[in-house]
1. In percent, how large is the relative contact order of chain A, given Cα pairs closer than 8 Å and 6 or more residues apart?
2. Quickly work out the A:Thr127-to-A:Ala209 label distance, labels modelled 7 Å from Cα along the C-beta direction, and quote it in nm with one decimal.
3. Can you give the net charge of the other residues whose Cβ lies under 15 Å from the Cβ of B:Leu32, counting K and R as +1 and D and E as -1?
4. How high is the FRET efficiency between A:Trp34 and A:Arg14 when r is their beta carbon distance and R₀ equals 45 Å, given to the nearest 0.05?
5. Only four residue types carry charge here, +1 at the Cβ of Lys and Arg and -1 at the Cβ of Asp and Glu. Report the dipole size of segment A:1-121 about the Cα centre in Debye, rounded to the nearest 20.
6. What is chain B's relative contact order, in percent, from Cα pairs under 8 angstrom and six or more apart in sequence?
7. Please name the residues of segment B:136-158 whose accessible area, counted over protein heavy atoms with a 1.4 angstrom probe, falls by no less than 40 Å² between the chain alone and the full protein assembly.
8. What's the longest bit of chain A with no exposed chymotrypsin sites (Phe, Trp or Tyr not before Pro), using DSSP loop states and at most 14 other Cβ atoms within 10 Å as the test?
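The values are calculated or read from the model by the stated rules, or taken from the named source; none is laboratory data. What you see is a predicted model, and the numbers here were worked out from it, not measured in a lab. Note: ideal-geometry Cβ built from the backbone for every residue, glycine included; neighbour counts use all protein chains shown. With ligands, DNA and RNA removed, areas are computed over all heavy atoms of the protein, side chains included. Shrake-Rupley method; radii C 1.70, N 1.55, O 1.52, S 1.80 Å.
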Amino acid sequence: MSSVLYDVPGPKARRVSLIGSVIGSVLIIGLLAWIIMTLAQQGIFEGRRWAIFTRGDVWMLLGNGIGATLSAAAIAAVIAFPLGLVLCLLRISLVPWIRIPTRVVLEFLRGMPVVLMMLFVLLVFGTSSFIAVVAGLVLYNAAIFAEILRAGIQSLPKGQREAGLTIGLTSFQSRMLIELPQAVRRMMPSLVAQLVVLLKDTSLGYIVAYGELLRAVQVMADFLGNAYLFPIFFVAAAIYIAINICVSRFAVWIERRGSKKAAGGVAKAEPAAVETAAK
Amino acid sequence: MDVIIENLPLYWEGLLRTLFLSVVSGIIALVLGTFLAAARVSPVAALRGFSTVYVEVLRNTPLTIAFFFAAIVLPRLGVTFEQFEVAAIIALSAYTSAFIAEAVRSGVNSVPVGQAEAARSIGMKFGQVLSLIILPQALRTVIPPMINILIALVKNSSVAGAFFVLELFGYGRQMANANGDQVMAVLLGVAFFYLLLTVPLGILASTVERKVAIAR
């Protein structure tokens with residue numbers, strides 16, 4: 001592996017690097033060993049604590065939790081995307097009294113913690129926690145999708161819209177037929193990255209008492225006893241993180257593929273998209 | 001409206017606590033994230049590997065799981081905190097540092113190759129190239145995304161409210177429970193105070209972005 005930042009290491013540098021690597025690895029392994037020792041003293045690795053995973057009902061509860069997580073994410077994504085599209089069109093409308101209120105609404109939605117929106121829907125409208133979770137996710141992510149699509153449309157060469165208007169399309173037709181399809185393709189990596197964020201945010205459902213994966217962990221730990229908290233939490237977190245890593249990998253794959261295939265390539269993620277990635 | 005005015009001291013205290021959590025975690029995350037990014041581009045394989053794994057895992061961990069781990073699992077394993085703020089700061093800074101590291105790394109990649117080549121050709125070592133030439137330029141270009149990460153951090157700190165820390169969201173929940181008939185006003189008040197923090201930061205981000213865009 002070579003990099004512009006340093007020379008291809010010579011024998012001496014390789015030796016130093018190897019020694020550094022060994023010391024670093026030893027430190028990390030030592031830290032892990034210490035953690036494992038501490039855990040072992042607490043009796044975490046006793047067989048009986050992990051034996052619960054031989055029980056079918058534990059897996060069924062975990063499965064229900066995953067199902068609840070994924071279904072909330074899927075439904076929210078399916079509603080949020082078209083809504084984001086509409087908001088994007090309103091946001092770039094030529095009519096000021098449509099554009100400006102939309103902008104205010106988008107700023108409002110983007111500046112708000114998702115969990116606050118969930119709580120708002122839950123308490124003010126007295127809905128079930130499932131609807132609260134989905135509504136919170138939809139409101140927030142529709143605003144983000146709108147901003148991503150807007151960035152995509154604005155990154156298009158001006159000539160695209162001009163050409164559309166020249167051949168007699170109306171402004172709306174030009175947006176729908178010429179600009180949006182290109183914008184969606186360009187912003188595909190950011191859109192998929194936002195899907196990962198959406199999936200991660202379903203875990204906020206824990207706070208409004210939605211029966212997702214983390215809540216299932218809590219319920220089982222309360223039911224079976226604290227002794228089982230760590231094993232169950234460990235397995236659930238591993239599943240959650242594994243799902244997210246898969247979707248992230250998928251996003252990276254799309255980005256690589258897109259930059260090879262799409263005409264003009266994929267637009268670099270705008271700063272607005274980086275923000276969404278951080279959420 | 002009366003509810004908001006009556007409870008103004010609570011809102012104020014919550015705002016300060018949110019600000020405190022965000023600032024402390026933000027500073028820790030900035031330092032930690034920069035070191036992680038440096039490790040990610042370093043010649044030492046073990047550092048690269050460690051940094052990659054850390055960033056990949058933390059970036060894909062839902063924040064609630066990080067909080068759950070810090071606030072509920074750690075204490076039951078014998079790591080106890082005097083205050084739950086410590087748990088919140090651990091979770092928030094560990095989570096945010098992964099995003100900072102990614103932002104800084106993309107900044108490092110955006111510095112023209114010639115800069116590093118020039119620095120190396122006058123005999124600088126890796127540490128010097130990175131700290132004197134690359135990072136100062138990289139950090140400058142990543143200021144707008146960095147501010148956006150900090151905005152996300154302010155919003156993320158609301159999760160702490162669900163884990164025994166009384167910040168803006170925590171107080172909001174408490175007040176909503178106490179004033180069952182005026183939930184809407186209470187929560188809109190909370191929303192207003194969040195916007196008070198996030199909107200100016202957003203404006204700052206876009207201003208800086210415009211400045212940097214002209215400079216390049």
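1. Rounded, it is 22 percent for chain A.
2. Rounded to a tenth, the inter-label distance reads 1.7 nm.
3. Here the charged neighbours net out to +2.
4. 0.90
5. 240 debye
6. 29 percent
7. B:Asn148, B:Lys155
8. Here the longest run is A:126-279.
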